[in-house]
Structure formats: structure tokens, C-alpha cells
């Protein structure tokens, strides 16, 4: 994992920034949501999942020695990175409380850990 750490960290930022930029298409210049809230949230989940899966695929091509540890660590790092970026950028922009943030957005980031761990476990299973 150590030799891929920089790439993993950069991918974590990419994983945050792609849905962030896509979200601009749903808001007016005044910051008002244009359209259905549930369509927006669903789109964000789909864009984030697709981006994350693609980035995990790119990491899998590097064939890390200990895939389960590498991918679980990747999921944890991405979770932390995305929470930190949200606290630095998204929460001040949205004026959302920390509690509301975790209920509406933050807890969903746990899927990064689950999916990354399962990718690592799948790679390890193929080695046997």
C-alpha cells in the first residue's frame, strides 16, 4: 500500500471532486436546487459509486501484494478524505450543521469502505 499511497490519495480527491462538479448542474447561480431533491441525491450516489468503482479498478490493475489490506486501507483513506473535504468546502457552502451533514451525506461515505474491502477480498480470493 505504501508504494501506491500518493496515487490512492489523489484518487480520493478525484472521487470527491467529480460528484462535486456534477452537482453544479443541479443548482442555480444563486445556490438554489433546480429540480427534484431525490433525483439530485440519487445522481450523486450513482456518480460517486461509478467514479469510485472505476478508481478501484485502476488500483486493482497495479496488482498490490496484499490486496485486502491495500483496498480496505484505500476505503478508509477515501472515507476520511471525503469527510475532511466536505468539512472544508461543502459544509461552509451549504451552511449545514454537522449533525445534518452526517445524516444526509456523511454516513453514505461508509460505502467506500465496504466496496473497497470487497474488491480487495475478491482479488485475494482469486489468488487461491
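When you look at residue 50, is it touching a residue at least 60 places away in the same chain (Cβ under 8 Å), closer than 18 Å to residue 13 by Cβ and either surrounded by 14 or more Cβ atoms within 10 Å (Cβ to Cβ) or under 10 Å from the mean Cα position of the chain (by Cα) (or both), yes or no?
On the way: touching a residue at least 60 places away in the same chain (Cβ under 8 Å): no; closer than 18 Å to residue 13 by Cβ: yes; either surrounded by 14 or more Cβ atoms within 10 Å (Cβ to Cβ) or under 10 Å from the mean Cα position of the chain (by Cα) (or both): yes.
When the stated conditions are applied, residue 50 does not pass them.
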In region 89-97, is there at least one residue being touching a residue at least 40 places away in the same chain (Cβ under 8 Å) and within 17 Å of residue 119 (Cβ to Cβ)? no
Condition test on residue 27, is it within 17 Å of residue 117 (Cα to Cα) and either without any contact (Cβ under 8 Å) to a residue 12 or more places away in the chain or surrounded by 13 or more Cβ atoms within 10 Å (Cβ to Cβ) (or both)? no
Among (1) surrounded by fewer than 18 Cβ atoms within 10 Å (Cβ to Cβ); (2) touching a helix residue (DSSP H, G or I) at 6+ places or on another chain (Cβ under 8 Å), which single condition is residue 82 missing? (1)
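Each value in this text was obtained by applying a stated rule to the coordinates, not by laboratory testing. As the structure is a computational prediction, the values presented were derived from the model and not from experiment. Here the Cβ is made from the backbone with ideal geometry for all residues, glycine too, and neighbour counts use every protein chain on show.
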